[in-house]
Structures are given as structure tokens and as C-alpha cells.
Amino acid sequence: MTKNKITRRSFIKKSGVVTSLFSLSSQSIFSSSTDDNRIIVVGAGLAGLSCAHELEKAGYNVVLVEARSRPGGRVSTYRDQFSDNLYSEMGAEYVDSTDMYVQDYCREFNLKILPARQYDGVYVRGNELSMDRIRSGDVNLPYTGTENGMLFGQEVQYIQKWIELVNKKGINSPEVQALDKISVEDILKEGGAPQDIIELYTYANATESTTTPSKISALAMILSNIKTSGFSENTVEGRILGGNDQLPKTLAKKLGKKIKYNTPLHRLDYDSNGVTATVKDNGKLTKISAKKCVIALPASILKNIDVNPGFSKEKIKCINEQVYGHAMKIAMQYRERFWDNTNSIGQRVFTDTPLRRIYHFSIDQPGPRGILLSFTSGEDAIKLGKLSDDKRNEIAKNTCSKIWDEATQHWERGVAKYWNEDPWTKASYSFSGVGQKDFREVLARPEGPVYFAGEHTAIQRASMNGAIESGLRVYDEIKESMRSL
């Protein structure tokens, strides 16, 4: 991907005329004519699917185009790659107790949420520690400056004065807003945190953001701690029983022929009368006209779409500069579930190895075989991302053998997914970078008949819940705007 493509060659191609309309059968969802109810939704991730689903229920003529051959976007459940009907989540995974939008759809579609097992152990700096002993205070993490009894949240003691500042002066005070100009690493150092705390934060909370402390806005981190007390070893996580892909597949099934797969957006033209999306369908450029358009693509992809007459300068800047992390998952199939042995550190382990988090994924799947799944982010994901699949598997195999002695003898195969090399994402999830406190609001703001969804536009970003949140927000925006016509 060419960096800053918009700013160097302009967001719009001013030369040439869009390819003329190709002839289409009367049965096609791509009709040359339009009506006041037609709305194009671009992107069949959870943001686009939820928005299209609600619009279709409300009686709008929805056309949903998707570049991939499947629905779900960054929700990706692998099945065919494993034996004995095992499966693994290679993309978005967790549904926690506050993810009300996901939970509402699961209730509507009769999908069950399986609570995830809490952490059993820690493997850092060559030390194998049980979480029970950490919680009881019998052992402490081998990092200078940590408090007894916990794994996550060790940074809070070093940012307490800024939390108190927010509580005293409010979020919008100049002193608080100025924190957006510095990073998490900067604020931890200013608070007297030793380097060990910054390193531990890298493996702990920054893993969830798929980046490093030097790139995250200090303001975002402070506000996150105030609102949710941050991610912790006690966070109640879960996932959809039988695979997270059931949610996008159910939404897609309800939309039926309203979805057109293998149809990427090539160009978007719009004015006060509506929009014309030029898509690539079976190798040919085809136009679709509509009253409104919903762009449910990550900014990492949108930045390379030709738009005429172009968006506002503020919008273009945010699209072009929105930061994303790096994420790598490796699913490791073993012929036996040795992690359940009595001498094992456990099923779910926090580490400072290249694999970061390693956990038994196939807990709801019967059989002797099982899958250990790792979740790596930041610099470690970048390093693994540069390697071949064989080399990635070799590192995964060797890493697990350090934690579980019998791992090597039961190894069968490994399957990796590096989201930053995915052609339709080119990134993991968005996060609030230094100096980007206003980006989310700008990215979510409509421009004429064009509306924007996706986790990067959501309050609860970087999650399935955030994606749906954004889709429902756009549904409300369009419904309100159509009333005024």
C-alpha cells in the first residue's frame, strides 16, 4: 500500500470520464434507474451488514456490495483448515458483558454467547507463574514497579494524578485536552513509571489496541481508564458458540440477493441529487445510482478510492492519517490437549513471547484434538508478518514447547492470519493516535449523501460491538435525513 496516496496524487482523479453504463439484465440488483428509496451500502462487515439490515427492514431499497466472496469483514472464522470439525476465530473474537449491540442481535437470532475462560497463568521473562498465586500475593510479576495481586492495570498508579485532573476539571478542560499531544509512553514516564511498567503495558493493554505505548494518545488512555477502568484479567469476555461468523452470515442471509459479492468499489461520484458508485463486477466497471451511499470500509482502504468531487479537507486528512495497529493470529492444531494435564500451567496464558496471548480455543469443541490460538500485535506482529508461513509456524511451535514440555510431540499444523497483508483491510483495528482526538467524529460525519460507518467511526472502536454501533448510527442518520426530503 502506498502511504499518503491521497495527498500526493489528490483524492480524486480529475482526468477522464467514468466508464459508461454497461447493459444489465432486468433481474440484476444493479439497475440503471434509481428511486428515492435506493441506498448503496459498501462493505459487508458488521457495520455495513447491520446498517443494510435495518434499512431493508424499514422498507428502503438496499444494494450491498462487498469486495470479498463472504460476509463479515474482520470477523473471520476458519473451518476447512482443521480436522475433526474444529474451527478458530482468526479475526474479531471477543464479546464482553458491555457489548449490548452484539448481544441484542444474538438474542434476536438465537445465537448463544460462550463465556471465555479467565487467565490461568503467566509466562514472562522465563518465569512460569500461576494466576492464583499472583492474585493471592504469593508471587509478584518480575517487573520493577508492579503492585501485588494483579496482572493488568499496573500503569494506573502512575497516571492517577491525571485521572484526578479529569474528575476535577472535566474532559474539555485545556489541561486535559493537551494530553492528546503526548503518548502513553510519555505520560507514564512523566508519572514516574519505570521502563518495566512501559514494557509490561506493551504486552498487556497495548496488545488489545494492536499497537505500542509510544503511538497511543495519552488522552485516550486516561479516558478509557475513567470510563471502564481499563482491560483487566477479570474482564468478562466471550464469543459466539459455534463461531462468530454465524452473526454476519445470519445478517447476510436475511438480506439475501440484496448483497453482491466479489464487487469492490472503484469510484464514487456524488452531488446534491444522489450518488453513483462505480464497482468492478466480473471484471467490468458498472455504475449503480442511488439516493444515498453508506461507506462501511476501513480508512486504510477508503484512502485509495477515487471520489468526485472529493470530501472536505478535514475528512481527507483524517482518512489519510487515521492510524491502525498490526495483528497476527496463529491457530495451532495438536493431536492431544496436553494443556489440560495436571502439571500444565493452564489453558490460557499471558506471555511476553512473540505469540503474546496463547489460549485453548477449542474449549467448546469435542474430541482429542484441540487448537491453541495466539494473538500477537504491535512490533511482534510486524516481525512475524515479514516471515513466511513456515517460519511463523516454526516460531509458534518452539514458543509453545517452552510453556508446555509435551507440545512438540503433539503438533500437527499451524494456520496464520496477518490482517495487515489482507488486501481488503490492510490493517488490524483503528486506535486513537497521538493528536487524533477529533478524528473519530470527523470520520463519522456525513458528506452530502455519503455516510460513514465502521469501527473507526464508533465510540466503542476496535470491536464487533463498535462496528454494529456505527451501522445503527448511520441507519438513524439516513432515516432522519429521508424524513426531511
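The values are calculated or read from the model by the stated rules, or taken from the named source; none is laboratory data. Just so it is clear, the model here is predicted, and its values are computed rather than measured. We place every Cβ from the backbone using ideal geometry, glycine too, and count neighbours over all the protein chains shown.
Of the candidates Ser289, Ser300, Ser312, Ser272, the single residue that is modelled with pLDDT under 95 and either of a type outside the set (Phe, Trp, Tyr) or crowded, with 21+ Cβ neighbours inside 10 Å (or both) is Ser272. Among the residues of region 427-472, count how many are in a loop (DSSP other than H, G, I, E, B) and more than 18 Å from Val307 (Cβ to Cβ). So the count comes out to 16.
Residues in region 250-272 that are touching a residue at least 24 places away in the same chain (Cβ under 8 Å) and either outside any strand (DSSP E or B) or among the charged types (D, E, K, R) (or both): how many? Show your work before the answer.
In the first step, residues of region 250-272 are kept if they are touching a residue at least 24 places away in the same chain (Cβ under 8 Å); the result is 250-252, 254-255, 257-272.
If we keep only those that are either outside any strand (DSSP E or B) or among the charged types (D, E, K, R) (or both) too, we end up with 250-252, 254-255, 257-258, 260-264, 267, 269, 271-272.
Result for region 250-272: 16.
The numbered conditions (1) crowded, with 16+ Cβ neighbours inside 10 Å; (2) among the aliphatic types (A, V, I, L, M); (3) outside any loop (DSSP other than H, G, I, E, B) are all true for Ala193 except (3).
Going residue by residue through region 135-149, is there one that turns out to be touching a helix residue (DSSP H, G or I) at 6+ places or on another chain (Cβ under 8 Å), among the small types (Gly, Ala, Ser) and surrounded by 15 or more Cβ atoms within 10 Å (Cβ to Cβ)? Taking every residue of region 135-149 in turn, at least one turns out to be touching a helix residue (DSSP H, G or I) at 6+ places or on another chain (Cβ under 8 Å), among the small types (Gly, Ala, Ser) and surrounded by 15 or more Cβ atoms within 10 Å (Cβ to Cβ).
Against the definition (more than 30 Å from Val41 (Cα to Cα), touching a strand residue (DSSP E or B) at 6+ places or on another chain (Cβ under 8 Å) and part of a helix (DSSP H, G or I)), how does Ile163 come out, yes or no?
Numbers: more than 30 Å from Val41 (Cα to Cα): yes; touching a strand residue (DSSP E or B) at 6+ places or on another chain (Cβ under 8 Å): no; part of a helix (DSSP H, G or I): yes.
So Ile163 does not fit the description; no.
Filtered by the rule that a residue be surrounded by fewer than 20 Cβ atoms within 10 Å (Cβ to Cβ) and aliphatic (A, V, I, L, M), region 40-66 gives a lone residue, Ala58. Remark: pairs (first residue in region 337-358, on the phi > 0 side of the Ramachandran plot; second residue among the polar types (S, T, N, Q) and crowded, with 19+ Cβ neighbours inside 10 Å; Cβ separation under 8 Å; 6+ apart in sequence or on different chains) = Arg356/Thr207; Arg356/Ser374; Arg356/Thr376; Arg356/Ser377.
Counted as qualifying within region 363-419 are the helices (runs of 4 or more DSSP H) with 2 or more residues that are within 30 Å of Ile216 (Cα to Cα), namely 378-385, 389-403.
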